[in-house]
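Here's the structure, in C-alpha cells; my notes come after.
The values are calculated or read from the model by the stated rules, or taken from the named source; none is laboratory data. All values derive from a computational prediction rather than experimental measurement. As a convention, Cβ positions derive from the backbone with ideal geometry for all residues, glycine included, and neighbour counts pool all protein chains shown.
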Amino acid sequence: MEKALFICTPLGKISVIEADSTITRLLLPGTTLPNGIKQQETPLLLQAATQIEEYFQGKRNYFQLPLRPAGTPFQKKVWEALLTIPYGETRSYGQIAAQIGSPKACRAVGHANHCNPIPIIIPCHRVVGTSGKLTGYAGGLEAKELLLKLERANCL
C-alpha cells in the first residue's frame with residue numbers, strides 16, 4: 001500500500017510517496033494525489049520530510065533515502081547519473097548521455113528527465129541545455145530556477 005505525506009516548501013505543497021519502505025514518487029505542486037494512496041506519517045516519510053526541509057533551508061546537499069523509482073532500464077540509468085551531479089552544479093543533456101554511454105541520446109535523456117518520478121531528490125533540475133540555458137522541468141522553469149539558485153547560494 002502506498003502512503004503519502006504532504007510537505008510545505010518554497011515551491012508549494014509537495015507530496016512524498018512511499019511503498020514497501022522505499023520512496024517511489026515525489027509529486028510537485030499542482031499534482032493531485034492519485035486515488036488509493038493513504039495520507040499517513042511513517043518513519044520513512046517523516047525522514048524524507050526532514051531531509052527535504054533541510055534541503056530548502058540550505059542545510060543539506062544530498063539525500064539519504066531508499067529510492068525505488070519505477071521506469072525503464074534506460075530511464076533508471078539516466079536517474080542514476082543524475083544522482084552523481086554535485087549539489088550546486090549542472091550538467092547538459094549531452095553530458096549525461098555521454099556519461100551513460102549513449103552520446104547521441106540527448107533527447108532520450110531529456111525524456112527520462114521529464115519522466116523522473118522523484119524530482120528534487122533525484123535532481124533532474126540540475127540538467128540544462130548545452131548553452132547553460134534552462135530547459136523544461138515538470139514543475140515549471142520558475143521552480144527549476146528557484147532550485148538552482150537555492151543550491152548555488154548554499155553550496156556547502
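If THR84 satisfies all but one of (1) under 24 Å from ASN154 (Cα atoms); (2) without any contact (Cβ under 8 Å) to a residue 60 or more places away in the chain; (3) of a type outside the set (A, V, I, L, M, F, W, C); (4) not in a loop (DSSP other than H, G, I, E, B), what's the number of the condition it fails?
Exception for THR84: condition (4).
Only one of GLY101, GLY88, GLY36, GLY12 is out of contact with any helix residue (DSSP H, G or I) (no Cβ under 7 Å at 6 or more places or on another chain) and assigned by TED's automatic domain parsing to the domain that holds VAL128. Can you tell me which?
Testing whether each residue is out of contact with any helix residue (DSSP H, G or I) (no Cβ under 7 Å at 6 or more places or on another chain) and assigned by TED's automatic domain parsing to the domain that holds VAL128 leaves just GLY101.
Considering ALA48, ALA105, ALA143, ALA138, which residue is at pLDDT 95 or above and crowded, with 17+ Cβ neighbours inside 10 Å?
Just a single option satisfies the conditions, and that option is ALA48.
So GLU53 ticks every box in (1) in contact (Cβ under 8 Å) with a residue 40 or more places away in the chain; (2) of a type outside the set (Gly, Ala, Ser); (3) over 26 Å from TYR93 (Cβ atoms); (4) in a loop (DSSP other than H, G, I, E, B) but one. Which box is left unticked?
Every listed condition holds for GLU53 apart from (4).
I'd like to check something: does the stretch 57-64 contain any residue that is modelled with pLDDT under 95 and buried (at least 20 other Cβ atoms within 10 Å of the Cβ)?
no
Tell me the residue from TYR55, TYR93 that is among the hydroxyl-bearing types (Ser, Thr, Tyr) and within 15 Å of LEU148 (Cα to Cα), please.
Answer to the check: TYR55.
Take the residues of the stretch 1-45 that are touching a Lys or Arg at 6+ places or on another chain (Cβ under 6 Å), at pLDDT 95 or above and not aromatic (Phe, Trp, Tyr): which is surrounded by the most Cβ atoms within 10 Å (Cβ to Cβ)?
Across the stretch 1-45, the extreme among qualifying residues is GLU18.
Can you tell me which residues in the stretch 68-90 are under 16 Å from the mean Cα position of the chain (by Cα), surrounded by 13 or more Cβ atoms within 10 Å (Cβ to Cβ) and more than 23 Å from LEU150 (Cα to Cα)?
Within the stretch 68-90, ARG68, PRO69, GLY71, GLN75, LYS76, LYS77, VAL78 meet the criteria.
Which of the residues that make up the stretch 3-23 are more than 15 Å from ILE52 (Cα to Cα) and in contact with an Asp or Glu (Cβ under 7 Å, 6 or more places away or on another chain)? Give the derivation first.
Of all residues in the stretch 3-23, those more than 15 Å from ILE52 (Cα to Cα) come to 3, 19-22.
Listed by number, the residues that qualify are LYS3, ALA19.
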